[in-house]
Amino acid sequence: MQNKRKPTPRLLGALRQHFPRTHAVTAGAASFALALTMFVSTPEVEAKRLSLPVNLSTVEEASAATPLAQQPPETIEPKLRSQSLKVQNGDTLSDLFQRAGISTAEMYQLLSSGKEAKQLARLTPGEELTFHIDDDGALQSLELHRDRLNLVEFSRGEADKFTYALHQREPDSYAAYREAEIDSSLFVAGSNAGLSQSLIMEMAEVFSSDIDFALDIRKGDRFSVMYDEKFLDGEKIGNGPIQAVSFTNQGKTFSAVRYVDSNGDANYYTPDGKSMRKAFIRTPVDIGRISSHFNPRRLHPIFKTRRPHNGTDYAAPRGTPVYAAGDGRVIKAGYSKSNGNYVFIQHGERYVTRYLHLTKRKVKRGQRVKQRQVIGTVGSTGYATGPHLHYEFLVNGRHRNPATIVRKLPKAKSIPDAEMARFKAQTQPLLAKLENYEQPALAQRSEDNDNNSVN
């Protein structure tokens, strides 16, 4: 039976056949030394190794980072439609909400959101409302455009409640100057000079204690006025108050300048600080003419008998505002067959003014009134042949001529000594600017007078 041996690998057999044992041992030792030098670093190589930091995240840390797919989705704002409506005569807030397609319940929710919302119930023709409404028809915000400078906003916020915000813009102001000589009337001259009706009325009010514009105006009277013009985005949007003004009436020149005191109150004063405001204004209407003077022996136009005319009649268009001549308290307001609609005002202990034949009364008995507060409008009620105001002035119970008595009454308070330096610092630059504007016209008039003298 033959012994079977495993076959020796050919490589080892070849080595045994061609190399002696000693040679094979030597070759193996050399191979081992070569391998050792490959894996064992020398000191120089070890010194050149760099330590690089490696950040490793644990499973918990990796899971803490939210994958992109798991981040909360962005909030998508609801699409709103906007609708703007202009307030027309007779419009109510309910009409506008109905026109915008918003329920009455939404309107009441807005009105009950706070006291600021109450102003929505007092809308003026020409104002504009802008509604912002979501897809469900719910009001999200409402804007009330009072004018180009003032915007009131109500926005729905947390807990479904409306919040209030007032947005205001400041216009740019520039000084403007106008002058004119009166040929027929103050209003014609002012309009031809480019003044608005409100500025003409304001100028008349400034001098109302010194000039009776229904009686005293003469041809050749002249005025010069400096005021502010308001611009927004390069467009004129209106006029500011008169800053300084002069008026020459029958050869006498009156000057006034606007001053804002330390309390923020603005009034007009003479250049030396005396108030332009007397205790009583000269006339209780701004426009009109005297149709009948104070006359104790006048012939009555209706009854044709001699009856005292204890006041002054101012003919004016029906509806013209009638002002309180001074601060006081309404002691009577009503209607009678002869007086028509009337208002009587007590001013202190000594003075009473009466206003008769009014179309409407704007005050009630017991009410306190301020000078130039509207107390009624011109009419022809009672014994009257046409629209006019009958105005009476009583001193200690006796009728006095309204056209002359006011000049004898004292003026209101003037600038106190402690505030005079502040007054001068604020008003002198305005008066100097007005004078600079006036110089060319003064020089021209002087030249014209010289030429007339030579001729």
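Residues with amide H under 5 Å of Met276's amide H, sequence separation 5 or more or different chain, H placed in the peptide plane at 1.01 Å from N; which?
Amide H neighbours of Met276: Tyr268, Tyr269, Thr270.
Work out from phi, with θ = phi - 60° and the Karplus expression 6.51 cos²θ - 1.76 cosθ + 1.60, the ³J(HN,Hα) of each residue of region 391-408, listed in order in whole Hz, and give x for Gly and Pro.
10, 10, 9, 10, 10, 6, x, 9, 6, 10, 5, x, 6, 10, 5, 5, 5, 8
Taking N as the number of residues in region 289-408, what value does Rg over Cα atoms divided by 2.2 N^0.38 Å take? Before the final figure, lay out each step's value.
Values: Rg = 13.4 Å, N = 120, 2.2 N^0.38 = 13.6 Å.
Its radius of gyration relative to the 2.2 N^0.38 Å reference: 0.99.
Leaving out same-chain residues fewer than 8 places away, which aspartates and glutamates sit with a Cα under 13 Å from that of Lys79?
Asp134, Asp135, Asp136
Charges only on Cβ, +1 for Lys and Arg, -1 for Asp and Glu: so what's the dipole of region 81-168 about the Cα centre, in debye to the nearest 20? Don't skip to the end; give the middle numbers.
On the way: 10 positive and 14 negative charges, 63 e Å.
Using Cβ point charges on Lys, Arg, Asp and Glu, region 81-168 gives about 300 debye.
Using amide H atoms built in the peptide plane, which far-off residues or other-chain residues are under 5 Å from Ala180 H to H?
The answer is Phe223.
Can you compute 3J(HN,Hα) from phi for each residue in region 191-204, using the Karplus curve 6.51 cos²θ - 1.76 cosθ + 1.60 with θ = phi - 60°, rounded to whole Hz and x for Gly and Pro?
Karplus values, whole Hz, x for Gly and Pro: 5, 5, 7, x, 7, 6, 4, 5, 5, 4, 5, 5, 5, 4.
Filter Lys332/Lys370; Lys230/Lys424; Lys252/Lys433; Lys118/Lys236; Lys364/Lys408 down to the pairs with a C-alpha to C-alpha distance above 27 Å, please.
On the way: Lys332/Lys370 16 Å; Lys230/Lys424 25 Å; Lys252/Lys433 21 Å; Lys118/Lys236 31 Å; Lys364/Lys408 30 Å.
Going by Cα-Cα distance, Lys118/Lys236; Lys364/Lys408 fall outside the 27 Å limit.
Could you sort the peptides 336-343, 380-387, 318-325 by per-residue average Cβ neighbour count (10 Å cutoff), highest mean leading? Each step should come with its number before you reach the end.
Details: 336-343: 17.5, 380-387: 16.0, 318-325: 20.0.
Peptide ranking by packing, descending: 318-325, 336-343, 380-387.
Starting from the exponent 0.38 and prefactor 2.2 Å, build the expected Rg for region 199-254 from its residue count and divide its actual Cα Rg by it. Walk me through the numbers on the way to the answer.
Values: Rg = 13.7 Å, N = 56, 2.2 N^0.38 = 10.2 Å.
Dividing the Cα radius of gyration by 2.2 N^0.38 Å gives 1.35.
For Gln243, list long-range residues whose amide hydrogen, built 1.01 Å from N in the peptide plane, is under 5 Å from its own amide hydrogen.
The answer is Met226, Tyr227, Asp228.
How many percent of the alpha carbon pairs in region 81-168 exceed a separation of 19 Å? Let's see the in-between values first.
Details: 1201 of 3828 pairs.
Above the 19 Å cut-off, region 81-168 has 31 percent of its Cα pairs.
Going by the alpha-carbon gyration tensor, a ≥ b ≥ c the square roots of its eigenvalues, is region 172-269 rounded (a/c under 1.5) or, if a/c is not under 1.5, prolate (a/b greater than b/c) versus oblate? Walk me through the numbers on the way to the answer.
Details: a/c = 2.39, a/b = 1.35, b/c = 1.77.
Oblate shape, in that a/c is at least 1.5 and b/c is the bigger or equal ratio.
Work from the charge dipole of region 247-388 (Cβ charges, +1 for Lys and Arg, -1 for Asp and Glu, about the Cα centre) and give the residue of Phe247, Thr283, Gly382 farthest towards its positive end.
Gly382
Throughout, read-outs are computed from the coordinates displayed, never taken from laboratory work. Bear in mind the structure is a predicted one, so any value in this text is a computation, not a measurement. Heads up, the Cβs are rebuilt from the backbone with ideal geometry, glycines too, and the neighbour counts pull from every protein chain shown.
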